[in-house]
Amino acid sequence: MPKIIVEIMPKQDLLDPQGKAVANSLHRSGREDISAVRIGKRIELHFDREITDKDLEEAKTQAANFLSNDVIEDVVAVTKED
Amino acid sequence: MKIGVITYPGTLDDRDAQRAIRLAGGTPVPLWHADDDLKKVDAVVLPGGFSYGDYLRCGAIAAQAPATKEVIRLAGQGLPVLGICNGFQILVESHLLPGGLIRNEKQHFVCKDQKLRVENNETAWTNMFEKDEEILIPLKNGEGGYIASDETLKMLEAENLITFRYLDGNPNGSLNDIAGLTNKRGNVVGLMPHPEHAVEPGFGPDTKTAMRSGIDGLKFFQSVLQQVVNA
């Protein structure tokens with residue numbers, strides 16, 4: 001199924017409590033070599049037709065304005081997958 | 001004096017907000033998220049809860065609702081708007097107030113009576129308070145950590161837009177102890193704690209005088225009634 005994949009991460013300088021909790025758990029299970037964990041989001045937009053360049057452009061706008069909040073998150077990638 | 005209260009799917013405190021408006025002497029008007037008709041109200045409250053299940057981000061989907069779009073438009077013309085808790089999150093997601101709200105620093109949901117200092121008593125919703133007045137109202141949130149860029153924080157401090165600060169300890173890691181904000185015009189106010197839960201003796205926070213006698217929240221609603229009369 002054709003889809004557009006939007007990947008969003010919390011901003012680098014922001015505390016990511018989810019990632020920190022997972023990192024602590026990994027450290028407890030012996031993986032102290034993992035220095036940090038950060039957790040983001042992957043959002044898939046599915047289409048029943050071929051994805052056009054315009055779809056991708058619009059998805060980038062949606063990603064910046066609605067799917068993410070630029071105060072706390074960065075859009076890492078908006079990609080097309082056939 | 002008609003004050004609208006918007007109900008979104010997942011809103012919790014709309015009835016409490018309506019009751020607070022009634023106790024302050026106003027007429028509450030229930031508004032529906034999917035309806036862009038705000039019924040000519042004189043002010044609007046965005047109440048607390050978990051609109052749209054807090055999906056995507058708290059307040060993000062509610063910020064796109066037809067009723068919210070109309071609130072954004074009318075706020076630009078000076079309509080008084082109060083966002084409480086999830087309502088505050090909706091206001092920042094709507095860009096009516098700057099910054100963002102993230103999970104509490106210590107991960108836990110916090111539910112307690114919270115002391116605040118009124119930093120700005122020149123807004124539509126705080127004009128009945130004294131400057132630097134200390135008030136006590138309930139706080140209950142999981143994602144109440146206020147953040148903003150250094151530049152935004154400097155602007156908020158310089159322009160006196162921080163309306164409330166947490167006292168006696170910061171419950172959620174909010175930068176600069178910010179509990180609530182206003183816009184430059186002073187018609188939009190958002191805060192994490194819940195004034196509508198401290199409006200009637202017998203049902204508010206405990207005070208030194210008597211159990212559950214705290215009614216510091218009432219002045220929010222009296223302020224806006226005062227403001228609308230003077231406008």
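Read the figures in this text as sums done on the coordinates, not as results from a lab. The structure displayed is predicted, hence computed values, not measured ones. All Cβ positions, glycine included, derive from the backbone under ideal geometry; neighbour counts span all protein chains shown.
Tabulated data
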read-out: Selection of trypsin sites (Lys or Arg not before Pro), the stretch B:43-130, meeting DSSP coil and at most 15 other Cβ within 10 Å; value: B:Lys106
read-out: For A:Asp74, distant residues with modelled amide H under 5 Å away; value: A:Met9, A:Lys11
read-out: For the stretch A:22-58 and the stretch B:120-147, distance of Cα centres in Å; value: 37
read-out: Ranked B:Asp150, B:Asp13, B:Asp36, criterion: other C-beta atoms within 10 Å, fewest first; value: B:Asp150, B:Asp36, B:Asp13
read-out: Crossing angle, helix A:17-28 versus chain A [Cα axis fit, 0-90 degrees, rounded to tens]; value: 50
read-out: Within the stretch B:47-120, GluC sites (Glu not before Pro) in DSSP loop having at most 11 other beta-carbon neighbours inside 10 Å; value: none
read-out: Shape of chain A, Cα gyration tensor, a/c cut at 1.5; value: prolate
read-out: Cα-based Lys pair tally, chain B, threshold under 16 Å, eight or more apart or on separate chains; value: 12
read-out: Given 13 as the ceiling on other Cβ atoms within 10 Å, longest exposed-site-free region of chain A for trypsin sites (Lys or Arg not before Pro) in DSSP loops; value: A:50-82
read-out: Cβ-derived FRET efficiency at R0 35 Å, B:Met155 paired with A:Ala36, nearest 0.05; value: 0.65
read-out: For B:Thr207, distant residues with modelled amide H under 5 Å away; value: B:Arg212, B:Ser213, B:Gly214
read-out: Dipole-positive endmost among B:Gln64, B:Leu161, B:Leu181 within chain B (Cβ charges, Cα centre); value: B:Gln64
read-out: Segment A:Met1-A:Glu57, length gained on full extension (0.36 nm per residue, minus Cα span); value: 18.3 nm
read-out: Coil-residue trypsin sites (Lys or Arg not before Pro) of the stretch B:166-231, DSSP, other Cβ within 10 Å capped at 16; value: B:Lys184, B:Arg185, B:Lys208, B:Arg212
read-out: Qualifying aspartates and glutamates (Cα of each under 17 Å from Cα of A:Lys11; at least 8 residues distant if same chain); value: A:Asp70, A:Glu73, A:Asp74, B:Glu93, B:Glu105, B:Glu143, B:Asp150, B:Glu151
read-out: Footprinting exposure proxy for B:Phe109, B:Phe164, B:Phe129 (fewest neighbouring C-beta atoms within 10 Å first); value: B:Phe109, B:Phe129, B:Phe164
